[in-house]
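In what follows, a structure is listed as structure tokens, so that the remarks can point back to it.
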Amino acid sequence: SGGELFLRKDLFTILEYARKSRFYIKLKTHGGLITEETADKLAELGINRVDFSVYSLKDDVHDYITRRSGSLKKTMEGIDRLIARNIPIRVNCSVMNLNTDCYKELFTHFTDRGIDASIDGSIRGSNGGGIETYVLGLTLEEKIEMERFKREVLGTIPKPSAMDPEEHICWAGKTSA
């Protein structure tokens with residue numbers, strides 16, 4: 001967690017060990033560093049899922065949030081490379097006041113392509129207790145509109161009967177464990 005995992009020089013050594021140890025492997029990335037060779041290695045390892053962070057389908061909005069010009073294009077290329085290799089992916093969009101007008105189009109774009117997508121308006125402080133990110137939060141009205149949209153497109157969300165390895169109970173427990 002934190003940083004871009006594809007910058008690690010020892011990533012594939014770790015992934016190979018995890019696979020041999022029969023771990024469920026889910027990776028989180030911005031995807032901009034996924035080359036054809038990287039995608040081939042991930043497919044070879046049988047990665048269970050790769051989560052991508054996408055903030056908007058508009059280059060200027062996504063790139064502003066990531067502070068990297070051209071980052072949306074690179075992220076989309078990474079997504080397409082993994083899809084071409086049948087690696088399960090999920091697109092996660094953190095909705096904030098910078099991209100509140102983008103999440104509906106983004107969610108529809110990916111789900112229409114058969115790609116699992118998630119939108120979340122929760123803004124959390126840093127693990128060190130910092131609250132500087134709170135200024136990015138949605139207004140109450142924006143949160144309500146986003147929740148209405150989610151219910152509209154997803155319907156009623158049933159509570160899981162047992163813990164799913166893809167889900168978690170609470171952020172406090174997850175981030176402090």
Looking at the stretch 1-37, which of its residues are touching a residue at least 12 places away in the same chain (Cβ under 8 Å), more than 21 Å from residue 116 (Cβ to Cβ) and of a type in the set (S, T, N, Q)? 35
Selection count, the stretch 86-125, where residues are more than 15 Å from residue 154 (Cα to Cα), open to solvent by less than 40 Å² (accessible area, probe 1.4 Å) and of a type outside the set (S, T, N, Q): 9
Can you tell me how many residues in the stretch 48-61 are of a type outside the set (Asp, Glu) and free of Cβ contacts under 8 Å to residues at least 40 places away in the same chain? 0
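Can you pull out the helices (runs of 4 or more DSSP H) entirely within the stretch 9-128 that have at least 2 residues that are in contact with an Asp or Glu (Cβ under 7 Å, 6 or more places away or on another chain)?
The qualifying helices (runs of 4 or more DSSP H) are 71-84.
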Could you please give the count of residues in the stretch 47-69 that are open to solvent by less than 40 Å² (accessible area, probe 1.4 Å) and touching a helix residue (DSSP H, G or I) at 6+ places or on another chain (Cβ under 7 Å)? 6
Could you look through the stretch 1-17, keep only residues that are under 20 Å from residue 75 (Cβ atoms) and open to solvent by 80 Å² or more (accessible area, probe 1.4 Å), and pick out the one that is modelled with the lowest pLDDT? 1
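The values are calculated or read from the model by the stated rules, or taken from the named source; none is laboratory data. All figures in this text were calculated on a predicted structure; none of them were measured in a lab. Positions of Cβ are generated from backbone atoms using ideal geometry, with glycine treated the same way; all protein chains shown enter the neighbour counts. Only protein heavy atoms, including side chains, enter the accessible area calculation; ligands, DNA and RNA are left aside. Shrake-Rupley method; radii C 1.70, N 1.55, O 1.52, S 1.80 Å.
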